[in-house]
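**Q** Here you go, one structure.
The values are calculated or read from the model by the stated rules, or taken from the named source; none is laboratory data. Since the model is a prediction, treat every value here as computed from it, not as a measurement. Reconstructed Cβ throughout: ideal geometry from the backbone, glycine too, with neighbour counts over all protein chains shown.
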Ligand SMILES: [Zn+2]
């Protein structure tokens, strides 16, 4: 029922020794899931069907040509205006080969989604890539390519993004399109790249109210995230009633992520993935970001368990499991973080802000969807 789309070829490439985005992140997950016997050989679909033509479904001709030219690893001055050759998005050898790998996975997800209810693409969800520019460690917008394929097939798509960073490449790529509802939960643009994604960026033209942002203050914890997630994601996806859900389930909202400032654990993350699963007829989930290797292996394994309907224990009891060692170590619930309670003035400020955001939704967005 659930399948993984992955290629070992990713492990041959690197953005550079000190770059936080690890292209071997899929391997961290596969090893962890294998230790718990959560993967069978035929769970992994190979890739290889994506082409340059598929890249051009989302990206411009000129940007595609720049990526091709950069494949040798030699930098040219012209690349900079396309965001390539900067510290976040360095030129590296095989840059276009990697772009084709991502494209292949998006294409294979498209070719398989009607006979596979749930698909996980651990290396992907490069939500900052713009149609004509690289940004935020992303060169190719694989989710954007997949969404273009789904829209051309007449599907109604819900894009849900729980990566700590705002999904700005998806937002700007489909800002006026009402056939794809874009919803991003993220750390506020007041404190984190890409410094946008505010609640009043709601779409334009026919796409008005089909672009929804839910920014979280730094120090927001599991409780605050789930409060907003349950009160906003659930009623809106029920009303929109998509044919397929595309999710970006980055693991960088966790308190132990080195690049972000939220205070979540993988308990609320797992709960959110479970809710996304339950509300989706068909689901294609990309791994997204996350810069703590431990969070990658544990978070993706928990997500994969959820996609397979393997019990991860409920939210509160599971955190107990995480504190035990020994036999608990080799169980799915043993992957869960210890609970983390934030208190004090930071929590109060983050809670007030969450209440303000929900009020904004009740006033401005829910009436459009007929939600009381
Ligand atoms: Zn991120």
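**Q** Output the strands (runs of 3 or more DSSP E) that fall wholly within segment 106-198 and possess 1 or more residues being within 21 Å of residue 216 (Cβ to Cβ) and in contact (Cβ under 8 Å) with a residue 12 or more places away in the chain, or say none.
**A** 157-161, 180-187
**Q** Name the residue that is nearest to the chain's Cα centre (by Cα), counting only residues in segment 263-298 that are within 11 Å of the ligand (Cβ to nearest atom) and farther than 23 Å from residue 1 by Cβ.
**A** 289
**Q** So which of 92, 137, 113 ends up being closer than 21 Å to residue 7 by Cβ and within 16 Å of the ligand (Cβ to nearest atom)?
**A** That would be 137, the only listed residue that is closer than 21 Å to residue 7 by Cβ and within 16 Å of the ligand (Cβ to nearest atom).
**Q** Name the residues in segment 201-230 that are over 16 Å from the mean Cα position of the chain (by Cα), more than 26 Å from residue 338 (Cβ to Cβ) and either within 16 Å of the ligand (Cβ to nearest atom) or assigned to a helix (DSSP H, G or I) (or both), would you?
**A** 205, 206, 207
**Q** Suppose the filter is over 20 Å from the mean Cα position of the chain (by Cα), under 28 Å from residue 252 (Cβ atoms), surrounded by 17 or more Cβ atoms within 10 Å (Cβ to Cβ) and modelled with pLDDT of 95 or more; does residue 82 pass it?
**A** Judged against the criteria, residue 82 is a match.
**Q** For segment 274-294, enumerate the residues that are under 20 Å from residue 256 (Cβ atoms) and surrounded by 24 or more Cβ atoms within 10 Å (Cβ to Cβ).
**A** Those that are under 20 Å from residue 256 (Cβ atoms) and surrounded by 24 or more Cβ atoms within 10 Å (Cβ to Cβ): 287, 288, 289, 290.
**Q** Residues of segment 231-241 being under 18 Å from the mean Cα position of the chain (by Cα) and either crowded, with 17+ Cβ neighbours inside 10 Å or more than 23 Å from residue 217 (Cα to Cα) (or both), which ones?
**A** 232, 233, 237, listed by residue number.
**Q** Also, quick follow-up: Enumerate the helices (runs of 4 or more DSSP H) found wholly within segment 18-79, keeping only those where 3 or more residues are at pLDDT 95 or above and under 22 Å from residue 250 (Cβ atoms).
**A** The qualifying helices (runs of 4 or more DSSP H) are 25-35.
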